[in-house]
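The values are calculated or read from the model by the stated rules, or taken from the named source; none is laboratory data. A quick note: this is a predicted structure, and the numbers were derived from the prediction, not measured. No Cβ is skipped: glycine too gets one built from the backbone with ideal geometry, and neighbour counts run over all protein chains shown.
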Amino acid sequence: MSEPSRVEPSRVESSPVQSSSRGLSRRKLITTGIAAAAGVAGLGAAARIAEKYGLVPPDHGGIYGLGETLTYASQRLLTRHSLAREFSRSQISKPPFANEIEPPTDEFKHLQAGGFADWRLSVNGMVARPASFSIDQLKSYPSHTQITMLQCEEGWSYIAEWVGVPLSRVLDVVGVLPQARYVVYFSIEPDTWESIDMADALHPQTFLTYGMNGDELPVGHGGPLRLRLPRQVGYKNVKFLTHLTVTDSLKGFGKGLGGASPEFGYAWYAGI
Amino acid sequence: MSDVRATCYHPRVGDSACVPIAASAVPTTTVTSRHSGLVRVTHWITTLCFFALLVSGVEIIISHPRFYWGETGNDLTAPLFKLPIPASRRLVPTGYGYVLPDQNGWSRYLHFQAAWVVIVTGLLYAISGLFTGHLRKNLLPGKADLSWRGFSTAIANHLRFKGPSESEAWSYNLLQRLTYLFVIFFLFPLVIWTGLAMSPAFVSAFPATVNVLGGQQSARTLHFFVSLALVLFLLVHVLMVCLAGFKSRMRAMITGRVATHLERP
C-alpha cells in the first residue's frame, strides 16, 4: 500500500475527483471500521486489566483522566521499584530552600513548646495492630539516610540529606493487611492530606523523616515529622505528619480523589 | 494560468500528488490530495496539542520564571537568567508588587495529557510516513539539491519572497524539507526528552536521561529553549503559509484539495 490512489489518466479525464475519492472511501471505510472495532474492544480490555493491576489513579475521571491514567499506568509499569537518584554530600544545597508554610496552629505551638515530646503519629485502618508512635519511638528504629532532591511542581529544587525511618518499617510493625492498596496521610495543618499506593508506601526511599543535614528536621521543612517521597514532587511530601490510615479504597476520604491537592485541582500522582 | 499542462513534472514529487490535468479543464477543478488524510489529521492534532502545551507551559513557567543550570536551583540560588514577568507565587523575587493567580493544577494536567496525545500522533505520523514513502518522497531532499548551488538558490528565492515554482507547489522545497526534518526528528524528540528528564519518577528508572543533560535544572532550561525554537518555527511556518497563499494552503491542509491554478501571493 505504498502508492495510494494511483489514478489512470484515462479515468482522470472523465471524472478525476469521483474516481479517486470513491476508491479511497471504500478502503478507508473498511480499515476505519476494523480499527474502530479493534480500538473499542482494546480499550475495554485495557481498562479491565488496568483496574485489576492497580494502574488507574483515583482522579481518572474528568477531561484529564486519559492523560493522568496513561501517566500513572506507565510509571507503575516502568518505575515500580526504581530508586530516586542519590547525590554526593558535596551536592547538598546550602542553605536548603524552605517554601512558605501556613502560620502554625495553637495545637502546633503547644507541641513545639514541649520540644515535640508529645507529638504522635497514629496509624490505623487495614492494619492488624493500630498504634501510635512518638518521635523518640520512631528514632528507636534503625535510621536511614538519603541524599535526594526535593523538587517542586513550580520548577525549583534543592538537594538535602534526609534522615528517618522507612515507612515500610512502621507498616511492618502495625501489620498491613493483604487487601491494603493505599496509605492516606494527614498533617496537623487543617485540610492537608494526601495518599500513595502501596508501591510508593513500601518503597525503600519513602521515609518518615525527622532529620535533615545532620540536624533535627527544621519546622520550616516540616519538622518534627515529614513524609519524604523523593520520586514525587513537593506537594506529596506532606509536612507535620500526625496520622496514617491504611485502606483498600480512597472513596471514603474527602471527595474520593485521594488527597487535598487533587481536590484543589492538582494531580494525585505527582511523579512528573 | 490557462496553460497548466503538467502541474507536476518534478521527479521528487510523489505519484499521489501527480495527476496530469488536461489544459482545457476548468481552472478551478480540484485534483487528488495535496496532503494525504493521515498528514492532514496528524497536522491538526499536533497543532491543537502544541497550543495546549504552549499555554499550559507558559502558566507553569509563571509560577517560577527563573532558570538555572545544573541539578538544583531555587529562590536562594543565583539564576542563569530570569524572565521579566510577575509570578504566581509570593516568594519568587520578581520585582513586581503583585502575585498572579495559581494556574498550575489544570496546567500540569493539560500539559501531560497534550504531551501524550502529541507523542502518539507523532509516532503514528513517523511510522506511517516510513511505510507510505511520505518521508522519503516529500521530506528527504533530493541528492541534486544538497549542494551549495541548491542551497543558495533556495535561500535566494526565499529572500526575494519568490513564490513556489509549479513543482515546489506540489511538494516542498529544499529549505522546507530540511526545516521539517529538523523539527520532526530533532526538536520534537528533544522537547520530549528534556520534558521527561524533569520527572523525578521517570529519571529514577532512566537516570542517564537527566545526567547527560547536566542535571534536572539544565533539563528544565533546555526544555524552555527547545520550546522557544518550536514557537519560532511556528511563527515562520505561519508567515510562509501567508506568503505562499493562505487560502489555498489552508484548503490544502484541511481538505487536501488544491486548485489547478495556484494562488499567488
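What residue, of B:L222, B:L213, is more than 19 Å from A:I159 (Cβ to Cβ) and within 14 Å of chain A (Cβ to nearest Cβ)?
B:L222
Which one is surrounded by the fewest Cβ atoms within 10 Å (Cβ to Cβ), of the residues in the range A:92-101 that are touching a residue at least 12 places away in the same chain (Cβ under 8 Å) and under 19 Å from A:V233 (Cβ atoms)?
Restricting to residues being touching a residue at least 12 places away in the same chain (Cβ under 8 Å) and under 19 Å from A:V233 (Cβ atoms), the top hit is A:I101.
Output yes when any residue across the range B:148-161 is more than 11 Å from every other protein chain (Cβ to nearest Cβ) and in a loop (DSSP other than H, G, I, E, B), and no when none is.
yes
Looking only at the range A:113-137, count how many residues are more than 18 Å from A:F253 (Cβ to Cβ) and surrounded by fewer than 18 Cβ atoms within 10 Å (Cβ to Cβ).
So the count comes out to 13.
Where in the range B:167-257 are there helices (runs of 4 or more DSSP H), lying fully within it, with 1 or more residues that are more than 22 Å from B:V118 (Cβ to Cβ) and either among the polar types (S, T, N, Q) or touching a Gly at 6+ places or on another chain (Cβ under 9 Å) (or both)?
Of the helices (runs of 4 or more DSSP H) lying wholly inside the range B:167-257, those with at least 1 residues that are more than 22 Å from B:V118 (Cβ to Cβ) and either among the polar types (S, T, N, Q) or touching a Gly at 6+ places or on another chain (Cβ under 9 Å) (or both) span B:174-182, B:200-205, B:208-211, B:216-254.
If you scan the range A:57-91, which residues turn out to be buried (at least 19 other Cβ atoms within 10 Å of the Cβ) and more than 12 Å from chain B (Cβ to nearest Cβ)?
Within the range A:57-91, A:P58 is the sole residue that qualifies.
Check B:L262 against each of (1) at pLDDT 95 or above; (2) part of a loop (DSSP other than H, G, I, E, B) and name the one condition it does not meet.
(1)
Count, please, the residues in the range A:197-236 that happen to be surrounded by fewer than 23 Cβ atoms within 10 Å (Cβ to Cβ) and in a loop (DSSP other than H, G, I, E, B).
Final tally of qualifying residues: 7.
What's the total number of residues in the range A:237-257 that are more than 14 Å from chain B (Cβ to nearest Cβ), crowded, with 17+ Cβ neighbours inside 10 Å and assigned to a loop (DSSP other than H, G, I, E, B)?
Residues flagged as more than 14 Å from chain B (Cβ to nearest Cβ), crowded, with 17+ Cβ neighbours inside 10 Å and assigned to a loop (DSSP other than H, G, I, E, B) within the range A:237-257 amount to 5.
Restricting to the range B:22-60, count the residues that are in a helix (DSSP H, G or I) and modelled with pLDDT under 60.
Number of matching residues: 0.
May I ask you to list the residues in the range B:67-78 that are within 11 Å of chain A (Cβ to nearest Cβ) and closer than 14 Å to A:S93 by Cα?
Selection gives B:Y68, B:G70, B:E71, B:T72, B:G73, B:N74, B:D75, B:L76, B:T77.
Determine, yes or no, whether A:S122 is part of a strand (DSSP E or B), farther than 15 Å from A:R226 by Cα and out of contact with any Asp or Glu (no Cβ under 6 Å at 6 or more places or on another chain).
Judged against the criteria, A:S122 is not a match.
Looking at A:S187 and the list (1) among the polar types (S, T, N, Q); (2) closer than 21 Å to A:P262 by Cβ; (3) touching a His at 6+ places or on another chain (Cβ under 8 Å), which single condition is not satisfied?
Against the list (1) among the polar types (S, T, N, Q); (2) closer than 21 Å to A:P262 by Cβ; (3) touching a His at 6+ places or on another chain (Cβ under 8 Å), A:S187 comes up short only on (3).
Look at the range A:104-156 and say how many of its residues are within 14 Å of chain B (Cβ to nearest Cβ) and at negative phi.
Number of matching residues: 10.
Among the residues of the range B:90-144, how many are in a loop (DSSP other than H, G, I, E, B), within 13 Å of another protein chain (Cβ to nearest Cβ) and under 30 Å from B:L174 (Cβ atoms)?
1
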